[in-house]
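Written out below as structure tokens is the structure these notes cover.
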Amino acid sequence: MSVEKIPSQSALHSLDLLTRNEYKEPEETQAPVQTVTREDLEKMVSSINDFLHPSNTHIKFQLHEKLDEYYVTVVDNHTEEVIREIPSKKWLDIYAAMTEFIGLIVDRKI
């Protein structure tokens, strides 16, 4: 003997609205966009670097040239070796190459 899942009343109502084309997507409430000044950003980075000081590391914001987006690098204080990149520069390079390739296929945005 098998028992089939019976849809709830609200699911049936939603399905009915969809079939009659009366369904409306719920409106998303967008949070107001906050602008961050360069001074604020420098203060935040400074406080993070103060926090990271005991681990002998610091962070840097670097600009990806092709995407015009920033990524973060965690750097060792003594050797200046990059420990980690967030997001990875390789992934950003791959993303930039993909967008460039898509631009070759599709020549205009609709």
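What follows draws every value from the coordinates through simple rules; no lab data is involved. Everything numeric in this text was worked out from a predicted model, so none of it was measured. Cβ: placed from backbone, ideal geometry, glycine included. Neighbour counts: every protein chain shown.
Estimated at 0.36 nm per residue, the fully extended path between Ile48 and Met98 surpasses their Cα-Cα distance by 14.7 nm. Potential lengthening of the chain between Glu39 and Lys66 amounts to 7.2 nm, from the contour at 0.36 nm per residue minus the alpha-carbon distance.
Working ranking of peptides 69-82, 37-50 by packing, defined as the average number of other Cβ atoms within 10 Å per residue, highest first, is 69-82, 37-50.
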